[in-house]
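Colleague: Pasting in a structure now, in structure tokens, and then I'll have a few things to ask.
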Amino acid sequence: MISVQKRLTPILLLILAALITSGCEQQEEVIATRFLAFGTLIDLSIVGVSKEQAAAATAAIEKDFAQMHKAWHAWDPGPLGRVNRLIATGTSFVVPPSVLEMIRHSKQLAIESEHLFNPAIGHLIDAWGFHSDDPEGHKPPHPEIIDQLLRQKPRMTDLELDGINLRSSNPNLKLDFGAFGKGFGIDLAIDHLRQMGIENAILNAGGDLRAIGSPRNRPWRIAIRHPSGKGALASVEVSGDESIFTSGDYERKFTWKGKTYHHIIDPRTGYPARGTSSVTVIHPEAATADAAATALFVAGPDNWYNIARKMGVKYVLLVDKTGTIHMNPAMQTRLKLDEKKLKIQLSPVLAE
Ligand code: AMP
Ligand code: MG
């Protein structure tokens, strides 16, 4: 598995290069810090405030992430674990505030994605062993187990929210926010940064990020990860408020009897989604970008366009298993591709 450290390096370098070239007369300093949360390294780069203000903001955000990590962990005990236990009882209960909005938001996105993004398949994810930080050494579940879990048909629409009360009509539903928590958390942290007077920052969690503002009115330049998991495939300029999320088959995987199984599960088959190597989505909101990257990965080269339209996503880049790049014209105009001689398949225009 590629180390997080390795994956972050090109992104940081590009961000820093963009900043250094932007300053002619007076350079604005990037105050960068790094901490661990959600099993990944989080890089926070702040521009345009004093060192003291940046340090206070960083300490607050680090604390936020530690709390979110605890609250939303799919397999450690905590609020989400409690919600999952109560879901299994079929009774109505009061949802902890740290989980309530997440359920509401992810339910909406699951519906828009036609349930290809389906955080209700926690039992299936458990069966595959992808709730472990290092699944290498695992083996695929028995086909009968997968069949049984598929027959239970857990979906976010099984969850009935009535104010702060929740009930699941399906006791076999288990929430797993592995595909969404990072994005949702980054949005909350960006709101918090703004409340603290920070207007120019990048919050980068293992290569998935949200940027706000721009240093000295120049765009941030961000690298898009190569589907091999190593280095950059392209770069894109970002200014204002945008998130870039990538879902790739290289992130969590194991090999069994010569076959490699990755962690993005097609909820229709119960097996790792086929046909896609990686998907990158740009969207203002990190939560939507995170959910959409996962959903479009599952949708694959033939169906990503339809699901992107339904989810209101305007910029998509999908690399299929043959290495062909599928994207919409608006994404192409923004990209600076690092490799020549790439096979590119352009889709029709997505909703502008
Ligand atoms: P991501 O890297 O954002 O695509 O998220 C992948 C993680 O989300 C996996 O490790 C699982 O925990 C979970 N997951 C896998 N497949 C799905 C799916 N189809 N819908 C929602 N969550 C999923
Ligand atoms: Mg995701």
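Colleague: All but one of (1) crowded, with 18+ Cβ neighbours inside 10 Å; (2) in a loop (DSSP other than H, G, I, E, B) hold for residue 127, so report the exception by its number.
Modeller: In the conditions (1) crowded, with 18+ Cβ neighbours inside 10 Å; (2) in a loop (DSSP other than H, G, I, E, B), residue 127 misses (2) alone.
Colleague: Say we look at region 224-242 and pick out the residues that are modelled with pLDDT under 90 and over 15 Å from residue 325 (Cα atoms); which of these is surrounded by the most Cβ atoms within 10 Å (Cβ to Cβ)?
Modeller: 229
Colleague: I'm trying to understand the selection: among the residues of region 118-175, which are within 16 Å of ligand 2 (Cβ to nearest atom) and either polar (S, T, N, Q) or without any contact (Cβ under 8 Å) to a residue 12 or more places away in the chain (or both)?
Modeller: Across region 118-175, the qualifying residue is only 118.
Colleague: Now for a separate question. Could you say whether any residue in region 136-154 is at pLDDT 95 or above, under 30 Å from residue 244 (Cβ atoms), of a type outside the set (Val, Ile, Thr) and surrounded by 13 or more Cβ atoms within 10 Å (Cβ to Cβ)?
Modeller: Within region 136-154, one or more residues are at pLDDT 95 or above, under 30 Å from residue 244 (Cβ atoms), of a type outside the set (Val, Ile, Thr) and surrounded by 13 or more Cβ atoms within 10 Å (Cβ to Cβ).
Colleague: Next question, about the same structure. Which of the following residues is part of a helix (DSSP H, G or I) and within 16 Å of ligand 2 (Cβ to nearest atom): 60, 71, 110, 66?
Modeller: 110
Colleague: Could you tell me which residue of region 188-202 is surrounded by the most Cβ atoms within 10 Å (Cβ to Cβ), considering only residues that are closer than 30 Å to residue 264 by Cβ and in contact with a Ser or Thr (Cβ under 8 Å, 6 or more places away or on another chain)?
Modeller: Looking at residues that are closer than 30 Å to residue 264 by Cβ and in contact with a Ser or Thr (Cβ under 8 Å, 6 or more places away or on another chain), I get 201.
Colleague: Could you check residue 102 against (1) away from ligand 2 (no atom under 16 Å from the Cβ); (2) closer than 30 Å to residue 32 by Cβ and say which number it fails?
Modeller: (1)
Colleague: Taking region 175-220 only, how many residues are part of a strand (DSSP E or B) and under 19 Å from the mean Cα position of the chain (by Cα)?
Modeller: 10
Colleague: Another question, if that's okay. Residues that are over 30 Å from residue 54 (Cα atoms), in contact (Cβ under 8 Å) with a residue 40 or more places away in the chain, more than 16 Å from ligand 1 (Cβ to nearest atom) and in contact with an Asp or Glu (Cβ under 7 Å, 6 or more places away or on another chain): does region 178-189 have at least one?
Modeller: Scanning region 178-189 turns up no residue that is over 30 Å from residue 54 (Cα atoms), in contact (Cβ under 8 Å) with a residue 40 or more places away in the chain, more than 16 Å from ligand 1 (Cβ to nearest atom) and in contact with an Asp or Glu (Cβ under 7 Å, 6 or more places away or on another chain).
Colleague: With the checklist (1) closer than 25 Å to residue 204 by Cα; (2) assigned to a strand (DSSP E or B) in hand, flag the one item residue 333 doesn't pass.
Modeller: With respect to (1) closer than 25 Å to residue 204 by Cα; (2) assigned to a strand (DSSP E or B), residue 333 is out only on (2).
Colleague: Any idea how many residues of region 74-107 are of a type in the set (S, T, N, Q), in contact (Cβ under 8 Å) with a residue 60 or more places away in the chain and not in a loop (DSSP other than H, G, I, E, B)?
Modeller: 2
Colleague: A follow-up question, please. Being under 23 Å from residue 250 (Cβ atoms), free of Cβ contacts under 8 Å to residues at least 60 places away in the same chain and surrounded by fewer than 23 Cβ atoms within 10 Å (Cβ to Cβ) is the requirement here; does residue 345 meet it?
Modeller: Here the answer is yes, as residue 345 does meet what is asked.
Colleague: Scan region 282-301 and tell me whether some residue there is touching a His at 6+ places or on another chain (Cβ under 9 Å) and not in a helix (DSSP H, G or I).
Modeller: Within region 282-301, none of the residues are touching a His at 6+ places or on another chain (Cβ under 9 Å) and not in a helix (DSSP H, G or I).
Colleague: In region 306-330, which residues are within 15 Å of residue 281 (Cβ to Cβ) and in a loop (DSSP other than H, G, I, E, B)?
Modeller: 312, 313, 314, 328
Colleague: Then there is this: Looking only at region 264-319, filter to residues that are within 15 Å of ligand 2 (Cβ to nearest atom), charged (D, E, K, R) and within 29 Å of residue 141 (Cα to Cα); which one of those is surrounded by the fewest Cβ atoms within 10 Å (Cβ to Cβ)?
Modeller: The residue in question is 266.
Colleague: Return yes when residue 105 is more than 10 Å from ligand 1 (Cβ to nearest atom) and not β-branched (Val, Ile, Thr) and no when it is not.
Modeller: yes
Colleague: Would you check which residues across region 171-183 are farther than 21 Å from residue 249 by Cα and either surrounded by 17 or more Cβ atoms within 10 Å (Cβ to Cβ) or touching a Leu at 6+ places or on another chain (Cβ under 6 Å) (or both) and list them?
Modeller: 172, 173, 174, 175
Colleague: Give region 225-246 a look and list any residue that's of a type in the set (Gly, Ala, Ser) and within 16 Å of ligand 2 (Cβ to nearest atom), or say none.
Modeller: 229, 243
Colleague: From the list 38, 117, pick out the single residue that is touching a helix residue (DSSP H, G or I) at 6+ places or on another chain (Cβ under 7 Å), at positive phi and within 16 Å of ligand 1 (Cβ to nearest atom).
Modeller: 38
The values are calculated or read from the model by the stated rules, or taken from the named source; none is laboratory data. Here the structure is a predicted model, which is why all the values come from computation and not from measurement. Neighbour counts run over all protein chains shown; Cβ positions are idealised from the backbone, glycine included.
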